[in-house]
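Below is one structure, written out as structure tokens, with a few remarks after it.
Throughout, read-outs are computed from the coordinates displayed, never taken from laboratory work. From a predicted model like this one, the values you see are computed outputs, not experimental measurements. Every residue, glycine among them, receives a Cβ derived from its backbone with ideal geometry; neighbour counts consider all protein chains shown.
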Amino acid sequence: MIKKQYRFHGYNSLQSVYRRGKTVRGPLTSLKYMRNDRRQHYRLAVVVSKKVHKSAVKRNRIRRRLYEAVRLLEPRITQPYDIVLTVFHENVATIPAEEVRKLVFTQLKQAGIIDPSRKSTTAIQKPNKDT
């Protein structure tokens, strides 16, 4: 799970990213992002609708898996961005953790948020049981 300073929520924050942000669409998720120069670090929100899965337990599991995938890529995010990951398919809860990480990495790379030259030092750690 990412630190509290890197998470954001609230209607107005999300609305500003939805209105002014750019989108990168993947097969299971969508990434909306916009640069936020008023901050010193990135902020991330993960949105999982009830349409994806009725069970709150499953929706929270999906959310935790995506937060963990971004946490492992944290050293590569160099600029302050507001990022909203929206999940469209329930398979994110069941696919292997490595595939979730690749999915998130690909979308962040397409958006230009990740610096490909920097190496992730936390990627060597063993993943949690949830992921």
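Test each condition in (1) surrounded by fewer than 17 Cβ atoms within 10 Å (Cβ to Cβ); (2) more than 13 Å from the chain's Cα centre (by Cα) for MET1 and report the one that comes out false.
Condition not satisfied by MET1: (2).
Every residue in segment 71-84 that is under 13 Å from the mean Cα position of the chain (by Cα) and closer than 21 Å to SER16 by Cα, please.
Residues satisfying the conditions are ILE77, TYR81, ASP82, ILE83, VAL84.
Residues PRO75, PRO27: which one is within 25 Å of SER117 (Cα to Cα) and out of contact with any Cys (no Cβ under 7 Å at 6 or more places or on another chain)? Give the derivation first.
On the way: PRO27 fails: within 25 Å of SER117 (Cα to Cα).
After ruling out the rest, the residue left standing is PRO75.
A quick yes/no check of all residues on (1) among the basic types (Lys, Arg); (2) free of Cβ contacts under 8 Å to residues at least 12 places away in the same chain:
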{"site": "HIS9", "(1), (2)": "no, no"}
{"site": "LEU14", "(1), (2)": "no, no"}
{"site": "ASP37", "(1), (2)": "no, no"}
{"site": "HIS41", "(1), (2)": "no, no"}
{"site": "ALA56", "(1), (2)": "no, yes"}
{"site": "ARG63", "(1), (2)": "yes, no"}
{"site": "GLU68", "(1), (2)": "no, no"}
{"site": "TYR81", "(1), (2)": "no, no"}
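Taking the condition hydroxyl-bearing (Ser, Thr, Tyr), more than 23 Å from SER16 (Cβ to Cβ) and over 13 Å from the mean Cα position of the chain (by Cα), does SER55 pass?
Details: hydroxyl-bearing (Ser, Thr, Tyr): yes; more than 23 Å from SER16 (Cβ to Cβ): yes; over 13 Å from the mean Cα position of the chain (by Cα): yes.
When the stated conditions are applied, SER55 passes them.
Being within 13 Å of TYR6 (Cα to Cα) and part of a helix (DSSP H, G or I) is the filter here; which residues of segment 73-109 pass it?
LEU73, GLU74, PRO75
Of the residues ARG38, ARG64, which single one is surrounded by fewer than 19 Cβ atoms within 10 Å (Cβ to Cβ) and part of a loop (DSSP other than H, G, I, E, B)?
Going through ARG38, ARG64 in turn, the sole match is ARG38.
Part of a strand (DSSP E or B) and of a type in the set (D, E, K, R): which single residue out of LYS32, LYS50 fits that description?
Of LYS32, LYS50, the one residue that is part of a strand (DSSP E or B) and of a type in the set (D, E, K, R) is LYS32.
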